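J.: Right, I'll just put the structure down here and ask away after.
What follows draws every value from the coordinates through simple rules; no lab data is involved. Just so it is clear, the model here is predicted, and its values are computed rather than measured. Cβ coordinates were reconstructed from backbone atoms using ideal geometry, including for glycine residues, and neighbour counts include every protein chain displayed.
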Amino acid sequence: MSRKQSRSWMMAGTGVLLAAIMAYAFWPRAISVDMGEARRADMVVTIDEEARTRVRDAYVVYAPIAGRLLRVEMKSGDVVKGGQTVIARMLPTHPPALDLRSREQARAAVQAAEAALQASRADLQKAIAEKDFADADLRRKRKLTRRGVTSEATFEEAERAFRAASANLDIAKANIAVREAELAKARAELISFENPKASSPFDRPSQLGAKELAQTIPLTAPISGRILRVIQESETIVSAGAPILEIGDISSDLEVVAELLSTDAVQVSEGDKVLIRKWGGTDILNGVVERVEPWGFTKTSALGVEEQRVKSIIRFTDAAAKRRNLGHGFRVEVRIVIWNAKNALVVPSSALFRQGGAWAVFTADNGRAKLTKLKIGQNNGTLAEIKGGVEAGATVILYPGPNLNEGQRVKRRKVSG
């Protein structure tokens with residue numbers, strides 16, 4: 001073989017080798033993908049939301065009258081019995097302090113009332129004397145009339161005079177009572193804040209003596225339960241209707257309030273099962289939706305977005321002992337079950353994507369990606385219910401990227417570790 005032919009063969013071989021290398025370098029390779037499976041499983045769809053507990057019927061105890069509230073010795077969490085436990089005590093308000101002119105006017109009124117009382121007592125003595133005279137004259141005229149010495153008209157006139165004298169005596173006694181009341185009123189005007197006989201400040205009701213305790217107005221618990229909070233603890237002057245403390249029955253009257261988005265609330269119905277989580281205990285508490293309120297309200301989220309919210313009331317179905325130590329106003333998380341199915345055909349939600357206005361997945365068929373359109377039912381964000389398109393056992397590609405096309409070779413990604 002000549003040198004020229006050898007060179008030609010070498011060049012041809014080199015070209016074939018380069019072509020093979022180029023073909024290998026640019027030959028389409030299988031893409032490593034995550035894969036899942038269409039399978040039969042139980043599926044639930046829930047609405048998850050933060051919520052808080054509350055006592056359904058909490059009672060706020062108000063001051064029945066304006067007065068001085070003594071220091072409230074009850075503490076939050078104390079157990080009370082309805083109609084028996086005294087939760088607070090009140091005293092009448094201090095009388096206002098008198099200025100110099102008002103004090104002198106009050107003293108003058110006292111002196112005038114004392115003088116009027118003396119005059120009424122003198123009138124009483126006069127009325128007594130007139131009645132005694134009329135009584136003696138009537139007895140004398142009755143004897144003379146029986147003997148025939150005086151006429152019946154004279155006797156009747158004496159009897160009339162006796163009745164008039166008796167009436168005047170009753171009037172005089174009534175005037176005495178009126179003057180005594182006026183004197184007591186005038187003396188009461190002199191009572192001021194500085195008068196130690198009016199009332200004395202006490203720090204705690206437990207420090208009161210029996211006499212002072214009898215002068216207080218006791219406030220009893222309206223229901224049996226626990227003190228939820230003490231609104232006014234220190235001694236102070238309160239007006240009628242001022243709130244003092246709040247009472248509720250945590251053991252049997254506790255419920256959960258969840259503020260749902262209005263778009264979620266329309267999917268919730270009375271009687272839906274609720275799972276109560278992250279309340280502080282290790283167990284999951286059970287509940288049921290008791291009511292979805294028909295009135296929505298606007299609430300601004302932590303991100304500053306205005307949202308329409310609707311309150312959903314949830315009732316506990318577990319025994320009270322299971323949620324021991326859970327109180328009023330505690331934070332919990334609720335999962336409201338709005339749909340569930342047994343043995344449903346499902347695929348991972350991460351395998352779904354939109355294709356021409358419909359849902360679709362890529363299945364792995366003989367190592368190649370195959371585009372398959374689906375008919376989807378419920379979707380809870382983790383699993384999606386399949387109503388048509390694939391059968392149980394089909395392998396689907398998870399998290400399909402934009403570079404994945406139909407017919408492309410795929411292989412299962414190896415999990416490291």
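J.: Relative to the longest principal axis of the chain, what angle (0 to 90°, nearest 10) does the C-alpha long axis of helix 152-188 take?
T.: Once rounded, one gets 40 degrees.
J.: Taking a label point 7 Å from the Cα of Val44 along the Cα→Cβ vector, which residues of region 247-284 have an amide N closer than 16 Å to it?
T.: The answer is 268-269, 271-279, 283-284, whose backbone nitrogens lie closer than 16 Å to the label point.
J.: Identify, among Thr395, Phe133, Phe297, the residue whose Cα sits farthest towards the positive end of the charge dipole of the chain, taking +1 on the Cβ of Lys and Arg and -1 on the Cβ of Asp and Glu, with the dipole about the Cα centre.
T.: Thr395
J.: Something else: With charges only on Cβ, +1 for K and R and -1 for D and E, what is the dipole size of region 100-188 about its Cα centre, in debye, rounded to 20?
T.: 180
J.: In whole Hz and in residue order, list the ³J(HN,Hα) couplings for region 264-280 that follow from phi through the Karplus curve 6.51 cos²θ - 1.76 cosθ + 1.60, θ = phi - 60°; x for Gly and Pro.
T.: 7, 5, 5, 8, 9, 10, 4, x, 5, 6, 10, 9, 9, 10, 6, 9, x
J.: Using 0.36 nm per residue of separation minus the Cα-Cα distance, give me the extension gain between Val86 and Ile31 in nm, one decimal.
T.: On the way: separation 55, 0.36 × 55 = 19.80 nm, distance 7.81 nm.
So the extension gain works out to 12.0 nm.
J.: Now, a different point. Based on DSSP H runs of at least 4 residues, each adding -39500 (n - 2.57), what is the mean residue ellipticity at 222 nm of the chain after dividing by all its residues, to the nearest 500 deg cm²/dmol?
T.: -10000 deg cm²/dmol, from helical runs alone.
J.: What are the extents of the Cα atoms of region 249-404 along their three principal axes, in Å, largest first?
T.: 65, 36, 25
J.: Roughly what angle does helix 3-26 make with the longest principal axis of the chain, taking Cα atoms, 0 to 90 degrees, to the nearest 10?
T.: That helix lies at roughly 20 degrees to the long axis.
J.: Could you check the simple spin-label distance between Thr317 and Arg56, using points 7 Å along Cα→Cβ, in nm with one decimal?
T.: For Thr317 paired with Arg56, the spin-label model returns 1.6 nm.
J.: For the pair Asp99 and Ser239, what calculated FRET efficiency results from E = 1/(1 + (r/R0)^6), where r is the Cβ-Cβ distance and R0 = 25 Å, to the nearest 0.05?
T.: 0.55
J.: Same structure, new question: Would you kindly compute the Cα radius of gyration of the chain and its largest Cα-Cα separation (Dmax), both in Å?
T.: Just the Cα atoms of the chain yield Rg and Dmax of 48.6, 199 Å.
J.: Among the listed pairs Lys131/Lys173; Lys75/Lys322; Lys273/Lys311; Lys278/Lys311, give every one whose C-alpha distance is greater than 18 Å.
T.: Check vs 18 Å cut-off fails for Lys75/Lys322; Lys278/Lys311.
J.: Also, quick follow-up: Just to be sure I understand the curve: with the Debye formula and one point per C-alpha of region 223-279, what is log10 I(q)/I(0) at q = 0.15, 0.17 Å⁻¹?
T.: One equal scatterer on each Cα of region 223-279 leads to -0.73, -0.81.
J.: Another question, if that's okay. What distance in nm separates the simple spin-label points at Ala12 and Ala66, each placed 7 Å from Cα in the Cβ direction?
T.: Using points 7 Å along Cα→Cβ, the separation is 12.2 nm.
J.: Classify region 261-323: rounded, prolate or oblate, from the alpha-carbon gyration tensor (a ≥ b ≥ c, eigenvalue square roots; a/c under 1.5 rounded; otherwise prolate if a/b is larger than b/c)?
T.: oblate
J.: Can I ask one more? With r as the distance between the Cβ atoms of Ser301 and Leu275 and R0 = 22 Å, compute the FRET efficiency 1/(1 + (r/R0)^6) and round to 0.05.
T.: 0.40
J.: Mind listing the long-range amide H neighbours of Thr93? Cut-off is under 5 Å, sequence gap 5 or more, other chains count too, H placed in the peptide plane at 1.01 Å from N.
T.: For Thr93, whose amide H was placed from the backbone, the distant partners under 5 Å are Arg68.
J.: Taking the C-alpha atoms of region 100-188, how large are the radius of gyration and the largest Cα-Cα span, Dmax, in Å?
T.: Spelled out, the Cα radius of gyration and Dmax of region 100-188 are 20.1, 71 Å.
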